[in-house]
Amino acid sequence: MKALIVDDEMNVRDVIRYLGQWDKHGITDIYDAGNGQEAKAIIEKENPELIFTDIKMPGMSGIEIIEWLDSISYPGKVIFITGYNDYSFMRQAIKCSSFDYLLKPIEPEPFNKTVGEAVESWKNDQQSHHSDETEEDFKKLRLDQLITAACMGEPFQIDDILPYLPAADHYEAALISFYQMHHPEPYIESLADKLIQQKLGNVFTLQNGRNLCLVITIPDEWLTVEEWMSQEFDIPVRLVSGERLSSLSDIPSSYQSLQTAIDSHNYRSIHRVDDLDAARRIKDIVSYVDEYYMEELSLEKLSSLFFFSREHISRKFKKETGLPLSKYITKLRINQAKIWLKETDETIYSISLMLGYQDEKYFSKLFKKVVRLTPFEYRNKQQPDRQQIT
């Protein structure tokens, strides 16, 4: 078995390596990564059965890692390790289906107990899944990862893709975007079955966290595919088609053209999102912001995820919450900062980074504007008998 340790602090990774009774649990290979992007590369290459990850890290957070793992149907076990004994983090860990949640500093006994339980749970899962199905799922995952890497401009071999497409002199590419709050897997699977059975092409789920899939078909068949989706899909999708692939080596450039069209709103819609209840969708957006307010959010990103124009989101979000998006995010961040300043000894610099502010001075200025006190003054007022750490 393999294990991966993800934490931006090297000393934490070293401690976990030292504490783990790896041999006892049959873990022979241990990898580590200093951030989420490094972790993704290792996961795609090595497929570790256990992943230990911090929640708050610069760039890609632990929550974003497990969301990506969910999107690729990762079969292993994820254990969050964090220094924040905060219910909001625990709630996120539970929501993201992590196996367990451990607090720093790591204690040997509970850590190894969790490792043993995770290994046993993974073994039980493997026994409960039919081996042929697991092999097919794994092949599909690897193929989706290969196509995603190709779309991102990474080197790939055409011969690795050709076996999964019908023979043709050239192909056509299309990009489908699914609504953020829906689970597109059954629809993608149904479309893939249709394309493969009729030897029209194939569909690939992109692993870049944007609810996208790339469809490659033989020439002059896209209208048939689109008509089928109109009849079979009962959720809204956006799509762009018509990119000719003279060779599969054109996948990166074609993907970029299709993505640009989606981002520029030059798409067609199936089951337009207006058919859904608008009030419910705005509540979806508010819930999303409540969950990810510490990440980089913008009207453009929300527009892409929730199939609303930026102007519509701006207007309806303010009506729903009483605040513009930027001020609502600031309110959430400042409230979280107040909790950390009161209940932890995290430095003000660390708190500003965790909240998404790269500039501590800007964060302090913003905090004072809202609270009428600097972060240091607020902490000193809340913790008068404790030594201040700035």
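The values are calculated or read from the model by the stated rules, or taken from the named source; none is laboratory data. Nothing here was measured: the structure is a model prediction, and the numbers come from that model. Every residue, glycine as well, gets a Cβ built from its backbone with ideal geometry; the counts of neighbours run over all protein chains shown.
One table, with the values for the structure above:
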| item | result |
| --- | --- |
| Only listed residue being in contact (Cβ under 8 Å) with a residue 60 or more places away in the chain, part of a strand (DSSP E or B) and in contact with a strand residue (DSSP E or B) (Cβ under 8 Å, 6 or more places away or on another chain), chosen from 30, 81 | 81 |
| Scan of segment 182-214 for residues that are within 30 Å of residue 62 (Cα to Cα) and crowded, with 19+ Cβ neighbours inside 10 Å, ordered by number | 184, 187, 203, 204, 205, 206, 207, 211, 212, 213, 214 |
| Residues of segment 225-235 classified as over 30 Å from residue 36 (Cβ atoms) and surrounded by 14 or more Cβ atoms within 10 Å (Cβ to Cβ), total | 5 |
| Test: residue 339 is under 26 Å from residue 64 (Cβ atoms) and in contact with a Phe, Trp or Tyr (Cβ under 6 Å, 6 or more places away or on another chain) | no |
| Residue within segment 220-234 that is more than 27 Å from the chain's Cα centre (by Cα), within 26 Å of residue 300 (Cα to Cα) and outside the structural domain of residue 306 (by TED's automatic domain parsing) present | no |
